[in-house]
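To start, the structure itself, in C-alpha cells.
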Ligand code: KG4
Ligand code: ZN
C-alpha cells in the first residue's frame, strides 16, 4: 500500500501545500505574500488574512499538479509550531477540517524539524547520524540527527538568528525586507575583505548575532554621506563573510566534537550562495560529506512538512483533533 500525504505550511508569510507519495515529493506549491514589502517586515495580521485568501487555491493547485484527488489522501499534515500564531491557526484549522471531513489521520509537524528533514527529499541524501546547521529568519541551530524523529539541538543562538542578522544589517544599508537575498546578490559583486566586523566569542556550540548588527550600525554612523551607495557591494560582501565565518567555525567545532562528518544545512539562509559555497569548501578541506537542499526546499515550503509527516506516519505519530498550534515550541 502506498502512503499519500497532503501537507500544509503557514507558519509565517508563505502559504504552501505539498503532496508526497511514499516519501517522494510530487508537488510543492508556494504562494509568497508581497503585502509586507512596504512595512519592512512581516505584519502578523496581514499574514493571517493572506493565508485565509490563499489556502484553498494553494491546496487545490498542489493537488491538481500532483494529479491527486482528495479521496487518495491517507493523512493531512500541518505546521503546528513555531511561528506566528494567527498564521499557524489558518493552516491548523484547515488541516483539522480536512482530517475530520475525510476521516483521515492528522499529523502535527514542528517547523524546525521539518527544515532539517528537507535534506531527506533528494535522492542523494545523508544517512544517519548527520549534523545539520539550520539557519532561518527566527532560528540558528546545530542539530545532531540520529534518526528522522531523533533530533537533538546541540547549539543555538543566544539572541538574533542568522536570518535576522542578514535582514537587520540589510535594513541599515537601506535595503527592503527581506534583505537576506539582496545582501547575497550584492555580495557576489563585492570584496569580502574590504571591511572588518567583530566576531563574538560565545562558548560551546552557541551563536550570537546581535553584536554584528550594532557593530555595523556604529561603523556606518562614522561614515560620510553617500558612503553606503558607493560601497554597497563591498559592505554586503563583508557582512555576509562575517556571518558565514561565525557559522562555519561553530559547525567545524560540532564536527570535531561529535566525530560526525555528514553535514547538512537547512532553512532560509541555506539559500545563500556564499554559505552554500563555504560548506562545500569545508567539506573538501576536512573530508566531510555535505548536503544542501535545493533552493525551493530551503525557504519555507510544505514539501519539508510532507517529508517529516511521512516519517511520522511510518512511526504512527498521529495527532488528535484537539491539538493546538503554538507560537513557540521547544523540542
Ligand atoms: O526559513 P525561512 O524561509 O523562514 C523562517 O522560518 O524564518 O527563512 C527566512 C530567512 C530570512 O531572514 C531571509 O532573509 C533569509 O532566510 N534568506 C536569505 C537568503 N534567502 C533567504 N539570507 C541570505 N541569503 C539568501 N539568499
Ligand atoms: Zn522556516
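The values are calculated or read from the model by the stated rules, or taken from the named source; none is laboratory data. In this text the structure is predicted, and so the values were computed from the model without any measurement. All Cβ positions, glycine included, derive from the backbone under ideal geometry; neighbour counts span all protein chains shown.
Here is a yes/no grid of residues against (1) closer than 29 Å to residue 251 by Cβ; (2) out of contact with any helix residue (DSSP H, G or I) (no Cβ under 8 Å at 6 or more places or on another chain); (3) buried (at least 19 other Cβ atoms within 10 Å of the Cβ):
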{"residue": "76", "(1), (2), (3)": "no, no, yes"}
{"residue": "84", "(1), (2), (3)": "yes, no, yes"}
{"residue": "92", "(1), (2), (3)": "no, yes, yes"}
{"residue": "99", "(1), (2), (3)": "no, yes, yes"}
{"residue": "107", "(1), (2), (3)": "no, no, yes"}
{"residue": "113", "(1), (2), (3)": "yes, no, yes"}
{"residue": "120", "(1), (2), (3)": "yes, no, yes"}
{"residue": "131", "(1), (2), (3)": "yes, no, yes"}
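Of the residues contained in the stretch 156-163, none is found to be within 19 Å of residue 39 (Cβ to Cβ), free of Cβ contacts under 8 Å to residues at least 60 places away in the same chain and either outside the structural domain of residue 255 (by TED's automatic domain parsing) or in a helix (DSSP H, G or I) (or both).
Return yes or no: is residue 198 in contact (Cβ under 8 Å) with a residue 12 or more places away in the chain, over 25 Å from residue 223 (Cβ atoms), assigned by TED's automatic domain parsing to the domain that holds residue 244 and away from ligand 2 (no atom under 16 Å from the Cβ)? No: the conditions fail for residue 198.
State which residue is surrounded by the fewest Cβ atoms within 10 Å (Cβ to Cβ) when the search covers only the stretch 206-223 and only residues that are under 27 Å from residue 141 (Cα atoms) and free of Cβ contacts under 8 Å to residues at least 40 places away in the same chain. Looking at residues that are under 27 Å from residue 141 (Cα atoms) and free of Cβ contacts under 8 Å to residues at least 40 places away in the same chain, I get 214.
If you go through the stretch 14-27 and keep only what is in contact with a helix residue (DSSP H, G or I) (Cβ under 7 Å, 6 or more places away or on another chain) and more than 16 Å from residue 75 (Cα to Cα), you end up with 15, 16.
Results for (1) over 28 Å from residue 32 (Cα atoms); (2) away from ligand 1 (no atom under 14 Å from the Cβ); (3) in contact (Cβ under 8 Å) with a residue 40 or more places away in the chain; (4) out of contact with any strand residue (DSSP E or B) (no Cβ under 6 Å at 6 or more places or on another chain), shown as yes or no for each residue.
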| position | (1), (2), (3), (4) |
| --- | --- |
| 237 | no, no, yes, yes |
| 246 | yes, no, yes, yes |
| 261 | yes, yes, no, yes |
| 288 | yes, yes, no, no |
| 295 | no, no, no, yes |
| 300 | no, no, yes, no |
| 323 | no, yes, yes, no |
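The requirement of being part of a loop (DSSP other than H, G, I, E, B) and either surrounded by 15 or more Cβ atoms within 10 Å (Cβ to Cβ) or outside the structural domain of residue 167 (by TED's automatic domain parsing) (or both) is not satisfied by residue 231.
Among the residues making up the stretch 121-141, those that are within 16 Å of ligand 2 (Cβ to nearest atom) and in a loop (DSSP other than H, G, I, E, B) are 121, 136, 137, 138, 139.
The one condition from (1) within 22 Å of residue 250 (Cα to Cα); (2) at pLDDT 95 or above that residue 138 does not meet is (2).
The set of residues from the stretch 264-278 being more than 14 Å from ligand 2 (Cβ to nearest atom), assigned to a helix (DSSP H, G or I) and in contact (Cβ under 8 Å) with a residue 40 or more places away in the chain comprises 273, 274, 275.
Let's see how each residue does on (1) more than 12 Å from the chain's Cα centre (by Cα); (2) buried (at least 16 other Cβ atoms within 10 Å of the Cβ); (3) in the same structural domain as residue 131 (by TED's automatic domain parsing):
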position: 256; (1), (2), (3): yes, no, yes
position: 269; (1), (2), (3): no, yes, yes
position: 287; (1), (2), (3): yes, no, yes
position: 320; (1), (2), (3): yes, no, no
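Here residue 303 meets each of (1) at pLDDT below 95; (2) within 20 Å of residue 20 (Cβ to Cβ) with one exception, condition (1). Apart from one condition, residue 217 fits all of (1) assigned to a helix (DSSP H, G or I); (2) under 17 Å from residue 157 (Cβ atoms); (3) in contact with a helix residue (DSSP H, G or I) (Cβ under 7 Å, 6 or more places away or on another chain); the exception is (2). Of the residues making up the stretch 133-150, those that are more than 8 Å from ligand 1 (Cβ to nearest atom) and either buried (at least 22 other Cβ atoms within 10 Å of the Cβ) or closer than 28 Å to residue 37 by Cα (or both) are 133, 134, 140, 141, 142, 143, 145. Mind listing whichever residues of the stretch 43-69 are surrounded by 20 or more Cβ atoms within 10 Å (Cβ to Cβ) and in contact (Cβ under 8 Å) with a residue 60 or more places away in the chain? Scanning the stretch 43-69 gives a single hit, 62. Please specify each residue of the stretch 136-187 satisfying the condition of being farther than 30 Å from residue 23 by Cβ and touching a strand residue (DSSP E or B) at 6+ places or on another chain (Cβ under 6 Å). Once the filter is applied, which keeps residues that are farther than 30 Å from residue 23 by Cβ and touching a strand residue (DSSP E or B) at 6+ places or on another chain (Cβ under 6 Å), the stretch 136-187 yields only 157.
Residue 21 falls short on exactly one of the conditions (1) surrounded by fewer than 24 Cβ atoms within 10 Å (Cβ to Cβ); (2) over 21 Å from residue 122 (Cβ atoms), and that condition is (2).
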